[in-house]
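Comments concern the structure below.
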Amino acid sequence: MSDARPGAGTSAPTVLRMILGRRLRERRLGAGVSLEAAAKALRVTSLTIRRLEKAEVGLKPVYVEKLLQTYGADRQEMDEFVDLAEQANQPGWWHAYRDVVPSWFTAYVSLESGAKTLRTYEPHYVTGLLQTHGYARAVLRGGFPNDSDEDLERRVDLRLRRQSLLTKPDAPTLWVVMEEAVLHRVAGGAEVMREQIDRLLEVTDLDHVSVDIVPFSAGAHVGACAPFTYFRFEEPELPDIVYSEILSASVYLDQRSDVAAHLEAHNRMSLLTSSADSRALLNRMRKEYS
């Protein structure tokens, strides 16, 4: 097998674990080693090996080295895999916000940081990657009414720090589809809404960002459901993933049929409007908040 290191610029721990797990599975199958034999080498169950390969648990470097010995790898290959395992075990920058971020959302931030393409559908609010400080604060205050001011500001800070990925040299492509209702739901008052719309107008000039707004006139459509985000990665080992959430939990989908259904819904919704119409709607709504 070729170089076991991830692509340049990849640093998200969850993404690295996924790459490592899939490459270990590929190496095991290539060596003709069964799950049971791999489990015996580590003195664990075959279920544990399966979970390691699916990146459901962290990979200890010593486990990685032992598995590769079992698969007949040479020293150079073992060193490359161990180095990747050590990188995967490093906490992401968002680890500092673990006191105000649900454990199920940390994986999202990691996937977001490592994705090459993001497609988002938002029926309720402007997507977090495009929110202004004032808008983010108003939305998060509504979602966490019992937070202290300090905790609320930390949530806002995390949301704004996530936005830095849009300005990095290898920034991902972001395609946002929102409902017109988002622009009518006032968060923070007229001045905050006007500032937020200005931000949306500003990002529509970026080559790697698209904002489509489905108008009320579109009526009922296939995507009128919960918000979701679709991730595609540059690394060939990684599948496309869809994330969706409810009030207190989330779901990550990687089955092809599930991902395809969400991707088709996103495509269909984008056909209900155009970039020019979306921009015109933003300008009209801005005047309403003036």
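The values are calculated or read from the model by the stated rules, or taken from the named source; none is laboratory data. Because the structure is predicted, anything quoted here is derived from the model rather than measured. Ideal geometry is used to build each Cβ from the backbone, glycine not excepted, and the neighbour counts take in all protein chains shown. Ligands, DNA and RNA are excluded from the accessible area calculation, which covers all protein heavy atoms including side chains. Shrake-Rupley method; radii C 1.70, N 1.55, O 1.52, S 1.80 Å.
Number of residues in region 246-267 that are over 13 Å from MET178 (Cα atoms) and either of a type in the set (S, T, N, Q) or surrounded by 13 or more Cβ atoms within 10 Å (Cβ to Cβ) (or both): the value is 13.
Which one is farthest from the chain's Cα centre (by Cα), of the residues in region 98-139 that are of a type in the set (S, T, N, Q) and under 24 Å from MET269 (Cα atoms)?
First, the residues of region 98-139 that are of a type in the set (S, T, N, Q): 103, 106, 110, 113, 117, 120, 127, 131-132.
Filter again for under 24 Å from MET269 (Cα atoms), leaving 117, 120, 127, 131.
Details: THR117: 9, THR120: 10, THR127: 12, GLN131: 16 Å.
Step by step, filter region 98-139, then rank; the result is GLN131.
One residue alone among TYR108, TYR125 is at pLDDT 95 or above and either in a loop (DSSP other than H, G, I, E, B) or open to solvent by less than 20 Å² (accessible area, probe 1.4 Å) (or both), and that residue is TYR125. Taking the numbered list (1) closer than 26 Å to PRO102 by Cα; (2) part of a helix (DSSP H, G or I); (3) open to solvent by 20 Å² or more (accessible area, probe 1.4 Å); (4) not acidic (Asp, Glu) in turn, ASN146 passes all entries but (2). Among the residues of region 246-270, write down those that are of a type in the set (S, T, N, Q), part of a loop (DSSP other than H, G, I, E, B) and either closer than 19 Å to TYR125 by Cα or modelled with pLDDT of 95 or more (or both). Within region 246-270, SER248 is the sole residue that qualifies.
Going through VAL177, VAL186 one at a time, which residue ends up being open to solvent by 30 Å² or more (accessible area, probe 1.4 Å) and aliphatic (A, V, I, L, M)? Matching residue, one of VAL177, VAL186: VAL186. Selection of region 222-236 for residues being open to solvent by less than 40 Å² (accessible area, probe 1.4 Å), in contact with a helix residue (DSSP H, G or I) (Cβ under 8 Å, 6 or more places away or on another chain) and in a loop (DSSP other than H, G, I, E, B) yields GLY223, PHE233, GLU235.
Only one of GLU191, GLU195, GLU202 is outside any loop (DSSP other than H, G, I, E, B), touching a helix residue (DSSP H, G or I) at 6+ places or on another chain (Cβ under 8 Å) and exposed (fewer than 12 other Cβ atoms within 10 Å of the Cβ). Can you tell me which? I'd like the intermediate steps shown before the answer.
Details: GLU195 fails: exposed (fewer than 12 other Cβ atoms within 10 Å of the Cβ); GLU202 fails: touching a helix residue (DSSP H, G or I) at 6+ places or on another chain (Cβ under 8 Å).
Going through GLU191, GLU195, GLU202 in turn, the sole match is GLU191.
Set side by side, the residues SER103, SER34 differ, and just one is more than 22 Å from GLU237 (Cα to Cα) and exposed (fewer than 14 other Cβ atoms within 10 Å of the Cβ), which is SER103.
The set of residues from region 57-69 being touching a residue at least 12 places away in the same chain (Cβ under 8 Å), open to solvent by 20 Å² or more (accessible area, probe 1.4 Å) and assigned to a loop (DSSP other than H, G, I, E, B) comprises GLY58, LYS60. Within region 70-85, the only residue that satisfies the criterion of being part of a loop (DSSP other than H, G, I, E, B), within 15 Å of ARG25 (Cβ to Cβ) and either open to solvent by 80 Å² or more (accessible area, probe 1.4 Å) or of a type outside the set (A, V, I, L, M, F, W, C) (or both) is TYR71. Inspection of region 237-245 identifies no residue that is open to solvent by less than 20 Å² (accessible area, probe 1.4 Å) and in a helix (DSSP H, G or I). Within region 153-174, the set of residues being crowded, with 19+ Cβ neighbours inside 10 Å, under 28 Å from GLU288 (Cβ atoms) and in contact (Cβ under 8 Å) with a residue 40 or more places away in the chain comprises just one member, LEU174.
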